[in-house]
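The structure under discussion appears below in the form of structure tokens.
Just so it is clear, none of the values below were taken in a lab; they were calculated from the coordinates. Every value quoted in this text rests on a predicted model; they were computed, and no experiment measured them. Here the Cβ is made from the backbone with ideal geometry for all residues, glycine too, and neighbour counts use every protein chain on show.
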């Protein structure tokens, strides 16, 4: 009987059974990897969204029995909430609550332009992160956990305040932009055509743009739901912040240009060409008073504690800083020094500066000078926070912190480039936008500061090449630039730990010698978790060498399984990609399979494991289960073994041992034959940890005693030095004690940089000829 | 055992979920492949179903309903993918080569099975789903109806209509094949 004669049903069942075979197992692995990265939704959520399913045993086996009723109730609640929201929104959208004093809305802080931050860095300056925009950055706004800025390529960006990680970026037409100014959940900028835009702080979507192109609008402020700015044809303009509709415009009598206004005590203040200093009541849309400025080229207005200030413009050739009674316009005083700009006012003292480098502190009641200091020109408007005056000297590329009460120097910090605008101080950090597109977040190390008298003359730094910044002092090309930097000081890191990149997730795994944990970071620098802990049980570690130095390292196999060099426990622990403990081997001793001072580990393409033991003076080869496959002495051809630091392996299975003295890298084939010696005479310190790219380029760290040399040296496959990066220091692009180093295989490299004042995980983008 | 695994998965134990997924993967893939008649989209459907199962695992109130729920998620994913690729389905089905019977029993059997696959692919996806649940997953129609969230009567009629369509198509093909065979031998 053939199948053609079977009943159709039976034939169908047989056909289906045959046809349905061949389920691809790799897909299942992919699915489980995906689900392993996500968490199940909360029960209430899952019950709500999952369609109910009935079964014989339970009335409802999945989901909610009365989901329809629950939805109806939720919709009713939502409608009620929306109704309440609509009522509130009309009030809230157009009546801005006061800005959080911890934030920084934009140019000169908030709408009064008083330039006072609530909390700056505590202690000595430490670079928390450096962001690279594709164009010069001027003012920076800080709201909650986010930092906003515009680059002159027209990109408006939001990055996280803690890590400098991009949250969103939008392209605004017709750069360069003025702004942003942050208020009421929106960011305001104007473009080169004079169009004012509002963007949503949450996701960067454009909320509105004005139909009117204004004539060269000034910087804007926002108060009570209204955006105010001046124009170069002599108007003060008020625009509805919620809709972009123009509410009113007013030309003060005689005004031909209106500069950036300030808002305080219900009035708008603005310096003008042709009409002096004006105060306008936005409620009546009338000029309340006009102050005489002697026809001078004035700049941005500010108002604080009942006094309205007006300094000179940055490009003014002459002029005075003046203080007026904010309510009446009566002139209170005129500063004795010429060319003082917009002041910062705090605790009865106005701090002002000139483009020539003079910084003065003036008693606001009398106009008398309390102290003054001189910097190297182009000093931008100061910022004050918690008794400290922050100044950025553009020519020097240097940020200063000065004791507000005395003018004594607290610290200075060298920036990688000059800045043409202003600094922002908020939530424990100073933020600076620079001409090279950098945005710096500088925090404090919480150590006590010792004020010292400011040098009476200009500081010793030369204007263009500060001592510890600028081009590398070594005669090799710089091969990387910083993409982001994460402050990891509060974690348990110590120098000399090696890091590794999980090939299946791209996450960075960094052993913490201080806590015997492994910190796991997302590729964008976000900390995922810390895993492990002290001990000798499976999954516990002792990241310390016999001499007490903190030391830890691990190496991944291609499938994401990994081996941890548990140096203090003298063992290797093996885990699968889900961190399930698979086994371990090793004990203290000097026989094969034992460890005395294991310092380096590498996994070959075939899954076998190599371990460098410094004191046993061996590189030993193991199967994944710890079976000893072979051993060789990497120092057999050298007079002595003066120590080794690390082990790495390349795509051909060649092994790299970083030697302490002479500082070099010894390259062996898998049989232990010395192939070449790399970098002899070119290291200035011990050769440290290593990473090798697919093309055979070798990246090697060296420590803090390297003087003017770079922290990472890069060698071509033939061993010739092709460049490096990271001059000594803890500033942007600098490296203090580069410990861990790992390539990401995508043109980037991670470096863990540790010293006692600054510990950072840094991602750098490799530049030619270091790019794989 | 499965109940315990589901309870563990429900409390967020991914290892337990992985065991459950491994157990079900072959059947889910087979069902999706039969419903969609496309390996790539079958993979997509199973992936969608299992990821959703993990996300919403806490919605399970009766752990014994695990398999049924996975079938439901899979068939829902199949419906969605079938809708989004209906146009492509038609094109693919029309370019299938026509295998002519030769009169040899074995080859004829292969040709018959090939025709069956093609004719099944011509059925509406909801009829195919009922047939797959009933003939491949071996579920009673009452259970298939509960999983598909349709009345038992609807499941029965879909099955009936599907079988009738297949029966007719197969007998027509047999007749056509006979004519062609006759012409060739003449």
Over all Cα pairs of the range A:373-415, the Kirkwood radius sets Rh, and Rg/Rh then becomes 0.93
So for each of A:27-33, A:428-434, A:327-333 I average, over its residues, the number of other beta carbons within 10 Å; can you give me the resulting order with the highest mean first? A:428-434, A:27-33, A:327-333
What is the order of B:170, A:11, fewest Cβ neighbours within 10 Å to most? B:170, A:11
Using a 10 Å cut-off on Cβ atoms, rank the peptides A:183-193, A:588-598 from the highest mean neighbour count down. A:183-193, A:588-598
Could you please rank B:163, B:116, A:440, placing first whichever residue has the fewest other Cβ atoms within 10 Å of its Cβ? B:163, B:116, A:440
In whole percent, the Cα-Cα distances of the range A:312-367 spread across 5 Å bins from 0 upward as 4, 21, 31, 24, 14, 5, 1
Within a 10 angstrom radius of each residue's Cβ in A:35-44, how many Cβ atoms of other chains show up on average? Whole number is fine. 6
Taking Cα pairs under 8 Å and at least six residues apart, what relative contact order does chain A come out at, in percent? 9 percent
For residue A:327 and residue A:145, what is the calculated FRET efficiency with R₀ set at 35 Å and r taken between the beta-carbons, to the nearest 0.05? 0.40
Helix A:8-19 sits off the longest principal axis of the Cα atoms of chain A, rounded to the nearest 10 on a 0 to 90 degree scale, by 90 degrees
For residues of B:137-145, the mean tally of beta carbons on other chains within 10 Å: 1
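Return the ratio Rg/(2.2 N^0.38 Å) for the protein assembly as shown, where Rg is computed over Cα atoms only. Before the final figure, lay out the partial values.
Details: Rg = 36.1 Å, N = 958, 2.2 N^0.38 = 29.9 Å.
Its radius of gyration relative to the 2.2 N^0.38 Å reference: 1.21.
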Just the number, please: Stokes-Einstein D of the range A:587-683 in µm²/s, Kirkwood Rh from C-alpha pairs, 20 °C, 1.002 mPa s. 161 µm²/s
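For B:24-33, what's the mean count of beta carbons from other chains sitting within 10 Å of each residue's beta carbon? Don't jump to the answer; show the numbers that get you there.
Numbers: counts 1, 7, 6, 2, 2, 7, 7, 2, 2, 6.
For this peptide, the per-residue mean of nearby foreign Cβ atoms is 4.
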P(r) tail for the range A:134-179, what percent of Cα pairs lie past 14 Å? 43 percent
Separation between the residue A:249 and residue A:21 pseudo-spin-labels, each 7 Å from Cα along Cα→Cβ, expressed in nm? 8.0 nm
Only helices counted: for chain A, with every DSSP H run of 4 or more residues adding -39500 (n - 2.57) and the sum spread over all residues, [θ] at 222 nm is -2500 deg cm²/dmol
Alpha-carbon spread of the range A:616-730, three principal axes, descending order, Å: 44, 32, 25
May I ask for the angle, rounded to the nearest 10°, between helix A:25-37 and the longest principal axis of chain A, with both axes built from Cα atoms and the value confined to 0 to 90°? 40 degrees
A student asked for the Cα radius of gyration and Dmax of the range A:618-662 in angstrom ought to give 11.9, 35
By the mean-Cβ-within-10 Å protection proxy, highest first, A:100-110, A:732-742 rank as A:732-742, A:100-110
Using eta = 1.002 mPa s and T = 20 °C, Stokes-Einstein with Kirkwood Rh from Cα pairs puts D for the range A:638-691, in µm² s⁻¹, at 192 µm²/s
Taking Cα atoms only, helix A:67-94 is inclined relative to the longest principal axis of chain A by an angle, in degrees rounded to 10, of 40 degrees
